[in-house]
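The values are calculated or read from the model by the stated rules, or taken from the named source; none is laboratory data. Quantities reported herein were computed from a predicted structural model and do not represent experimental measurements. Here the Cβ positions follow ideal geometry from the backbone for every residue, glycine too, while neighbour counts run over all protein chains shown. Each accessible area value is taken on the protein alone, full model and side chains, heavy atoms only, with ligands, DNA and RNA left out. Shrake-Rupley method; radii C 1.70, N 1.55, O 1.52, S 1.80 Å.
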Amino acid sequence: VGRKLVSKLIAVVAAYSVLISSNIYAAQPTAEQMRLFQTLTPEQQQKAIAMYGNSAGGNKQVSNRQLQEQNEKNIDQYKASGIAHRDAEASKEIEESISEATEAIPETGENKEEVEFEKIKQFGYDLFAGTPTTFAPAANIPVPYSYIVGPDDNVIIQLYGKQNETHDLIVSREGYLNFPGIGPVLVAGMSFAQMQEMLKDKIDKQLIGVKASITLGVLRSIRIFVLGEVERPGSYTVSSLSTMTNALFVSGGVKGIGSLRNIQLKRAGKIVTEMDLYDLLLNGDTSADVMLKPGDVIFVPPVGKTVGITGEVRRPAIYEIKNEKTIKQLLDMAGGLLPTAYASMASIQRVNSKDQRVYKDVDLKKEAAKEKLLDGDVLKVYSVLDKVEGVVLLQGHVRREIGVSWSQGMRLTDIIPSVDALLPNVDLSYLLVEREVASNKSIEVISVNLEKVFQNTKSSENIKLNSGDKITAFKVAGDRAGAIADLVEKLKQQATQLSPAKVISIEGNVKSPGEYPLHKRMTLEDAIFAGSNILPRTDLDYVLIKRVDQRTGEISVLQTNLSLNGNASNFMLEPEDTIYIFDKVSDRQKLLSPLMAEISGNVEKSTTAQLVNVEGQVRFPGNYPYIEGMTADDLVKAAGGYLQSVYLQDAEITRFQVLSGVKRQVGNIKLNLAE
């Protein structure tokens, strides 16, 4: 794809050149398009021009040089005349071709190293972040005895004893100090220590009875060059006390494509020394940071071989390697492994000799010192698993979220010995235990009633715990469904066609509506406990359960109640059931509207929707789900009961029947509801 797009762009740019040379002044190509064209070899450029020329009009080939000269000539004429004669059709076609080609070509500004090494950064280049734009020489620091004296240095000589005088002298261009009473003294090229010793010797011999204190005042400036891969290459005037690192800061620092490990100091055309900034950054070693002399050149070559390391190491980054050959040396540069690193397995991403991206697993404990590094390698060090072994976790509405070491035979009361381990307003009727099934690593959920546990610790409710169990206690009401949303999502993800998601929903007049895990032998009463119990004014006589046939996808609706005869504690729930709890004073149509829409859309050919309707003197008239065996009394209960103004002796059922699948018959049935 890339070759086709580039070929198309080449042809378009070449077309511009041909048009210009033919006195057709189309719009000029952009700088980016011309840059792409210029990166081609002369043979590729010539081929593109020839291909376009032959297809457009059979023009003879012209050389690149001839074409360039003709283009320049025509452009000059165009600018001089101030009038652009334009072939509208040709220009439009070319502009559309360029637009199409440039939109299809991927962005060329993408940084290759960022793609190769994901999001890790190059090590060491932050040293130059925020460097000042000007360089202030360090004028107040002590002058080292190895400092080489030169022209324009300020030498201060204080005489005492027989004479008390102070001489402020400047080293001349010829390198002399014009010392009153002694004469010119050659000092240039001497170290500061040598100059002191020489001057004191002369003073002792020529000025009898006089002692001297010799120091340096204002130091000279020197001109040096900083070249190569730096932000602002050029010539700089710096203090004579400047070192190589000072000069790098003057130039704005090393670019991302510059080497930090092979910075060269050249003097009189020869390499005097090479500095490895990693010695400074990793070990604090400044021995290679030598002082500069006039005319010195600091040269930063392009970066050498690079490798990346990411994951569980102390300093993940892209490193330039010099003498490092093995993974162990790379780990040392990265500060070593974190305590959470899984050293038994790491992964190397590399490009092999066939230009293929490959991965190789490495045991860092055994192979780190032997495995060789290649240019462009990326080492990924993985972390140990988040799962904690041999521990039972307690979380939620508790006084202290803890992990307790598991032991064989441990029960729930070993973790929660009494209600004092829980916070006030805790819901004792609903406690969840999340457990991993050893056979297939799936998640199952167990619900526990803590009230029954505390009443009798020897009951079956005081379950045995397994290693890795996670116990969650809940506050009464609150956003309970939100607190277990992650657990519900896990149960949904492990669902299959033969094993639906073990999740139920409870909607309507409960304190905490939402989705909850389905546990073994879960009843309607358990679901109400999960939803933090019903709210006041709940309609106990009318409860709906939507159930989906997992094999056919058909929806059925079941009706029950919450009366005292124990229906709720005996009504068993199935995966993906939805429970609707209604109050006595609010319209039910809003809560039921999603269910009614599903029922209406779940209609097979030649059948009608499983809906019934009630109008007139009832609390909440409207459509309701039809339930097998439903009576008129059941429908009135669904509508919230009669109004006080009802006349029970006169009611009517209107029934529609489809005959032979071709016509509909309407019938009316008179009812005496009092009977």
**Asked** Amide H neighbours of VAL510 under 5 Å, counting only residues 5+ apart in sequence or on other chains, H built in-plane at 1.01 Å?
**Response** LEU535
**Request:** For VAL445, VAL612, write out the residues from largest to smallest accessible area, computed with a 1.4 angstrom probe and no ligands counted.
**Result:** VAL612, VAL445
**Asked** By per-residue mean of other Cβ atoms within 10 Å, what is the highest-first order of 301-312, 159-170?
**Response** 301-312, 159-170
**Request:** Would you mind pulling out the separation of the Cα centroids of segment 462-486 and segment 629-675, in Å?
**Result:** 47 Å
**Fill in**
Computed ³J(HN,Hα) along segment 323-340: with the Karplus parameters 6.51/-1.76/1.60, θ = phi - 60°, integer Hz and x for glycine or proline, the list is 9, 6, 10, 10, 5, 4, 5, 5, 4, 5, 5, 7, x, x, 7, 6, x, 8
**Request:** Could you check the simple spin-label distance between GLU598 and LEU281, using points 7 Å along Cα→Cβ, in nm with one decimal?
**Result:** 5.9 nm
**Prompt:** So what is the relative contact order of segment 571-662, in percent, for Cα pairs below 8 Å that sit 6 or more residues apart?
**Reply:** 20 percent
**Prompt:** In what sequence, largest accessible area first, do LYS322, LYS520, LYS546 appear using a 1.4 Å probe?
**Reply:** LYS520, LYS322, LYS546
**Asked** With a ≥ b ≥ c the root eigenvalues of the C-alpha gyration tensor of segment 541-675, is it rounded (a/c under 1.5), prolate (a/b larger than b/c) or oblate?
**Response** oblate
**Prompt:** In debye to the nearest 20, how big a dipole does segment 579-675 give about its Cα centre with +1 on each Lys and Arg Cβ and -1 on each Asp and Glu Cβ?
**Reply:** 240 debye
**Prompt:** Extension gain ARG314-ARG220, at 0.36 nm per residue separation less the Cα-Cα distance, in nm?
**Reply:** 29.4 nm
**Item:** Net charge of neighbours whose Cβ lies under 12 Å from the Cβ of GLU598, counting Lys and Arg as +1 and Asp and Glu as -1
**Value:** +1
**Average accessible surface area per residue within segment 588-675, 1.4 Å rolling probe, Å²** = 69 Å²
**Fill in**
Counting only DSSP loop positions in segment 568-675, the chymotrypsin sites (Phe, Trp or Tyr not before Pro) whose Cβ has at most 12 other Cβ atoms within 10 Å are TYR647
**Prompt:** Taking K and R as +1 and D and E as -1, what net charge do the other residues with C-beta under 15 Å from the C-beta of ALA477 add up to?
**Reply:** +1
**Message:** For segment 382-475, report the % of Cα-Cα distances exceeding 18 Å.
**Reply:** 44 percent
**Message:** Sorting check: for 201-213, 351-363, which peptide has the highest mean count of neighbouring beta carbons within 10 Å, and how do the rest follow?
**Reply:** 201-213, 351-363
**Message:** Only four residue types carry charge here, +1 at the Cβ of Lys and Arg and -1 at the Cβ of Asp and Glu. Report the dipole size of segment 270-364 about the Cα centre in Debye, rounded to the nearest 20.
**Reply:** 360 debye
**Request:** First measure r as the distance between the Cβ atoms of GLU274 and ALA369, then evaluate 1/(1 + (r/R0)^6) with R0 = 30 Å and state the FRET efficiency to the nearest 0.05.
**Result:** 0.65
**Fill in**
For MET522, the residues 5 or more places away or on another chain with a placed amide H closer than 5 Å to its own amide H are LEU573
**Prompt:** Does segment 307-392 classify as rounded, prolate or oblate by the C-alpha gyration tensor (a ≥ b ≥ c root eigenvalues; a/c under 1.5 gives rounded; else a/b over b/c gives prolate, otherwise oblate)?
**Reply:** prolate
**Request:** Mind ranking MET190, MET572, MET195 by accessible surface for me, highest first, 1.4 Å probe?
**Result:** MET572, MET190, MET195
**Request:** Check the straight Cα-Cα distances from LYS270 and name the lysines below 26 Å, setting aside those fewer than 8 residues away within the same chain.
**Result:** LYS255, LYS293, LYS305, LYS322
**Complete:** Quick calc, segment 333-471, dipole around Cα centre from Cβ unit charges on Lys, Arg (+) and Asp, Glu (-), nearest 20 debye, gives 380 debye
**Request:** With θ set to phi - 60°, apply the Karplus curve 6.51 cos²θ - 1.76 cosθ + 1.60 along segment 259-273 and write out the HN-Hα couplings as whole Hz, x wherever there is a Gly or Pro.
**Result:** 7, 9, 10, 9, 7, 9, 10, 10, 9, 6, x, 10, 6, 7, 7
**Cα gyration tensor shape for segment 453-495, rounded if a/c is under 1.5, else prolate or oblate** = oblate
**Accessible solvent surface per residue of segment 291-449, calculated while the other protein chains remain in place, 1.4 angstrom probe, Å²** = 54 Å²
**Selection from LEU643, GLY629, PHE656, by position along the positive dipole direction of segment 611-662 (Cβ)** = LEU643
**Prompt:** ASP168 versus ASP486, label points 7 Å from Cα toward the beta carbon: distance in nm?
**Reply:** 7.3 nm
**Asked** Given a 1.4 Å probe and every protein chain left where it sits, what share in percent of the accessible area of segment 453-585 is carbon and sulfur?
**Response** 47 percent
